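I am attaching a structure below and will ask some questions about it afterwards.
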Amino acid sequence: MKNRFSRIGFILAAAGSAVGLGNIWKFPYITGEYGGGAFVLVYLLAIMFIGLTVFLAEAVIGQNAQANVATSFIETSKSKNENWKIAGFMIATGLILLSFYSVVLGWILSYVFSSFGTLPADAKTAGAAFDTLITKDLATQLLYHTLIAGTVIFIVLKGIKDGIEKINLILMPFLGIILIGLLMYAISLDSFSKAVSFMFVADWSKINSDALLAALGQAFFTLSLGVGTILTYSASLPKEANFVKSSIMVALVDTGIALIAGLIIFSFLFEAGAPSAAGPGLVFISLPVIFSGWGLLGKIIAISFFVALVFAGITSAVSMIEPSLMFFIERFKMTRKKATLLCGSVFYLLGIVALLSMSTTYGSSLTFFGKNAFDLMDFASSSVMMPTAAIVICLFLGYFVDKTMLQEKFTKHTSVLFFNVWYFLIRYVVPIAITILFLNQLGLI
Ligand code: PHE
């Protein structure tokens with residue numbers, strides 16, 4: 001089969017999927033909200049023991065079966081049970097996620113262009129500008145959502161090797177260069193040491209069960225788990241490639257970039273005397289104000305920062321649609337073009353619903369169960385469908401797949417001890433941890 005990753009292509013693409021708005025926007029703002037160091041430590045443990053465990057799980061299923069999510073589950077199950085096609089529900093999660101991820105990426109792209117003009121001088125102006133964009137300026141949002149969706153569709157139309165692998169080969173090094181540049185600038189600031197101690201000296205006073213669950217949820221989201229993305233990418237990984245080493249590399253790159261983004265952003269916030277807990281408005285309100293105080297240099301930094309976010313986001317966005325493409329291509333014998341047009345239209349239209357639901361004009365008619373469509377899609381995908389999928393993956397491998405077969409796959413590349421620890425985590429620890437997270441997100445505990 002020609003249309004597949006090289007090993008390095010897989011690592012780049014999986015890292016491209018993992019590194020996204022989750023690392024550069026969400027990680028810093030939740031770290032700020034939960035007080036820094038102690039949260040970072042909990043997060044690192046969540047990545048190591050829970051995130052990486054599920055990552056390896058998706059990778060081993062995909063690499064073993066070399067097929068779309070549904071077929072991979074059937075093929076990997078002990079009795080090749082057709083009912084496992086039910087696991088194919090995961091592909092819907094990616095499309096829902098992508099619909100509003102594309103809208104948010106659109107906002108960021110619009111900030112790239114508006115950063116060429118005058119940046120807002122204070123939080124009130126910045127807040128008002130952002131508010132106008134999302135509640136009133138439908139045309140601008142629609143334009144940028146269309147640009148992002150069009151780019152994603154254009155890339156995935158070209159396939160795994162010429163589309164996804166290639167775009168990651170170009171954008172990931174660029175992202176690295178921009179982040180290193182921003183980090184060097186952050187290091188030159190007086191507040192850098194304050195940022196380092198904020199992130200690496202533990203203050204346990206803000207750690208409660210909410211913080212633990214936030215760390216766990218973030219570990220899943222940032223590693224792109226529970227959407228079938230890693231499984232689908234691994235299905236295009238050569239069968240003999242070392243999936244254990246590749247998975248660990250991706251987790252390391254993803255964590256490294258989150259930490260670097262945190263250091264950059266906290267140095268900026270502290271340098272401007274802004275509070276560390278900027279909340280979700282961090283990227284759209286707090287940072288533009290800080291950049292505006294730095295004159296021309298601030299403008300350059302603002303543009304580079306938003307470009308970095310767009311690059312990181314695009315490589316994640318293409319990975320959200322790929323599971324459904326592979327599903328429709330293989331199971332419904334669609335051409336790639338047809339599958340892309342189908343899935344592309346679904347997420348594009350859902351995205352329009354999401355953006356309209358935040359507007360003053362259409363908001364009330366697009367609000368269901370007290371949540372507007374945007375929040376509802378976010379809730380359904382990140383809080384319900386992703387954890388459900390993660391639980392299904394764990395129980396599947398832990399109880400419905402031949403252990404000897406799994407052990408063989410792992411021990412080709414790593415020790416028996418490593419496999420035993422992974423197997424224990426997948427059977428007991430991870431399903432329990434995710435169930436708790438899940439019940440909490442549903443407001444049941
Ligand atoms: N990991 C991506 C981020 O941090 C988001 C993502 C989730 C991508 C699920 C693909 C699948 O932004």
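Assess whether L97 counts as being open to solvent by less than 10 Å² (accessible area, probe 1.4 Å), part of a helix (DSSP H, G or I), of a type in the set (A, V, I, L, M, F, W, C) and more than 26 Å from T414 (Cβ to Cβ).
Numbers: open to solvent by less than 10 Å² (accessible area, probe 1.4 Å): yes; part of a helix (DSSP H, G or I): yes; of a type in the set (A, V, I, L, M, F, W, C): yes; more than 26 Å from T414 (Cβ to Cβ): yes.
Here the answer is yes, as L97 does meet what is asked.
Continuing with this model, one more query. From the list S209, S205, S188, S197, which residue is open to solvent by 20 Å² or more (accessible area, probe 1.4 Å), under 27 Å from V392 (Cα atoms) and either among the polar types (S, T, N, Q) or in contact with a Gly (Cβ under 8 Å, 6 or more places away or on another chain) (or both)? Walk me through it before giving the result.
Values: S205 fails: under 27 Å from V392 (Cα atoms); S188 fails: under 27 Å from V392 (Cα atoms); S197 fails: under 27 Å from V392 (Cα atoms).
Going through S209, S205, S188, S197 in turn, the sole match is S209.
Report yes if A123 is modelled with pLDDT under 95 and open to solvent by 10 Å² or more (accessible area, probe 1.4 Å), otherwise no. Give the derivation first.
Working: modelled with pLDDT under 95: yes; open to solvent by 10 Å² or more (accessible area, probe 1.4 Å): yes.
Judged against the criteria, A123 is a match.
Within the set of pairs 6 or more residues apart or between chains, which connect a residue that is of a type in the set (S, T, Y) inside the range 261-283 to a residue that is part of a loop (DSSP other than H, G, I, E, B) and buried (at least 18 other Cβ atoms within 10 Å of the Cβ) with Cβ atoms less than 9 Å apart?
S276/G35; S276/G36
I've got another one for you. Listed residues T71, T132; which is open to solvent by 60 Å² or more (accessible area, probe 1.4 Å), away from the ligand (no atom under 16 Å from the Cβ) and among the β-branched types (V, I, T)? Even if it seems obvious, please write down each step before you answer.
Working: T71 fails: open to solvent by 60 Å² or more (accessible area, probe 1.4 Å).
Exactly one residue qualifies, and that residue is T132.
Quick one: which of F332, F305, F327 is within 16 Å of the ligand (Cβ to nearest atom), at pLDDT 95 or above and out of contact with any Leu (no Cβ under 9 Å at 6 or more places or on another chain)? Reasoning before the result, please.
On the way: F332 fails: within 16 Å of the ligand (Cβ to nearest atom); F305 fails: out of contact with any Leu (no Cβ under 9 Å at 6 or more places or on another chain).
From the options F332, F305, F327, the qualifying one is F327.
Those residues that are within 13 Å of the ligand (Cβ to nearest atom) and of a type in the set (S, T, Y), I need them from the range 74-98; list them, please.
If we filter the range 74-98 for residues that are within 13 Å of the ligand (Cβ to nearest atom), which is where we start, we get 90-98.
Listed by number, the list holds a single entry, T93.
While we're here: Which fully enclosed helices (runs of 4 or more DSSP H) of the range 382-445 have 1 or more residues being free of Cβ contacts under 8 Å to residues at least 24 places away in the same chain and among the charged types (D, E, K, R)? Please lay out each step first, then the result.
Values: elements: 386-399, 403-411, 416-424, 430-441.
Result: 403-411.
For the range 1-22, which residues satisfy the criterion of being within 16 Å of the ligand (Cβ to nearest atom) and open to solvent by 20 Å² or more (accessible area, probe 1.4 Å)?
Passing the criteria: only L12.
Mind listing whichever residues of the range 167-180 are in contact with a helix residue (DSSP H, G or I) (Cβ under 8 Å, 6 or more places away or on another chain) and surrounded by 16 or more Cβ atoms within 10 Å (Cβ to Cβ)?
Within the range 167-180, I167, N168, L171, M172, L175, I178, L179 qualify.
Output the residues belonging to the range 202-232 that are β-branched (V, I, T) and within 11 Å of the ligand (Cβ to nearest atom).
Selection gives T222, V227, T229, I230, T232.
Within the range 233-245, restricting attention to residues that are among the polar types (S, T, N, Q) and within 16 Å of the ligand (Cβ to nearest atom), which residue is surrounded by the fewest Cβ atoms within 10 Å (Cβ to Cβ)?
The first filter runs over the range 233-245 and keeps only residues among the polar types (S, T, N, Q), leaving 234, 236, 242.
Next cut, within 16 Å of the ligand (Cβ to nearest atom) only: 234, 236.
Details: S234: 27, S236: 24.
Filtering the range 233-245 for residues that are among the polar types (S, T, N, Q) and within 16 Å of the ligand (Cβ to nearest atom), the one surrounded by the fewest Cβ atoms within 10 Å (Cβ to Cβ) comes out as S236.
Condition test on V384, is it surrounded by fewer than 20 Cβ atoms within 10 Å (Cβ to Cβ) and within 16 Å of the ligand (Cβ to nearest atom)? Explain how you work it out, then say what you get.
Details: surrounded by fewer than 20 Cβ atoms within 10 Å (Cβ to Cβ): yes; within 16 Å of the ligand (Cβ to nearest atom): yes.
The answer is yes for V384.
Also: Identify all residues within the range 23-46 that are small (G, A, S), in a helix (DSSP H, G or I) and either surrounded by 21 or more Cβ atoms within 10 Å (Cβ to Cβ) or within 18 Å of the chain's Cα centre (by Cα) (or both); write none if there are none. Steps first, answer last, please.
Within the range 23-46, the first condition is being small (G, A, S), and the residues that meet it are 32, 35-38, 46.
Subset that is in a helix (DSSP H, G or I): 32, 37-38, 46.
Selection gives G32, A46.
Something else about it: Which residues, taken from the range 246-268, are within 13 Å of the ligand (Cβ to nearest atom) and over 14 Å from the mean Cα position of the chain (by Cα)? Explain how you work it out, then say what you get.
In the first step, residues of the range 246-268 are kept if they are within 13 Å of the ligand (Cβ to nearest atom); the result is 250-251, 253-255, 257-258, 261.
Answer for the range 246-268, where residues must be within 13 Å of the ligand (Cβ to nearest atom) and over 14 Å from the mean Cα position of the chain (by Cα): just A261.
In the range 172-181, is there at least one residue being touching a Ser or Thr at 6+ places or on another chain (Cβ under 6 Å), more than 16 Å from the ligand (Cβ to nearest atom) and more than 30 Å from L41 (Cβ to Cβ)?
Within the range 172-181, none of the residues are touching a Ser or Thr at 6+ places or on another chain (Cβ under 6 Å), more than 16 Å from the ligand (Cβ to nearest atom) and more than 30 Å from L41 (Cβ to Cβ).
The values are calculated or read from the model by the stated rules, or taken from the named source; none is laboratory data. Keep in mind that what you see is a predicted model, and the values were worked out from it rather than measured. A quick note on method: Cβ atoms are made from the backbone with ideal geometry, for glycine too, and the neighbour counts reach across all protein chains shown. These area figures cover heavy atoms from the full protein model, side chains too; ligands, DNA and RNA do not enter into them. Shrake-Rupley method; radii C 1.70, N 1.55, O 1.52, S 1.80 Å.
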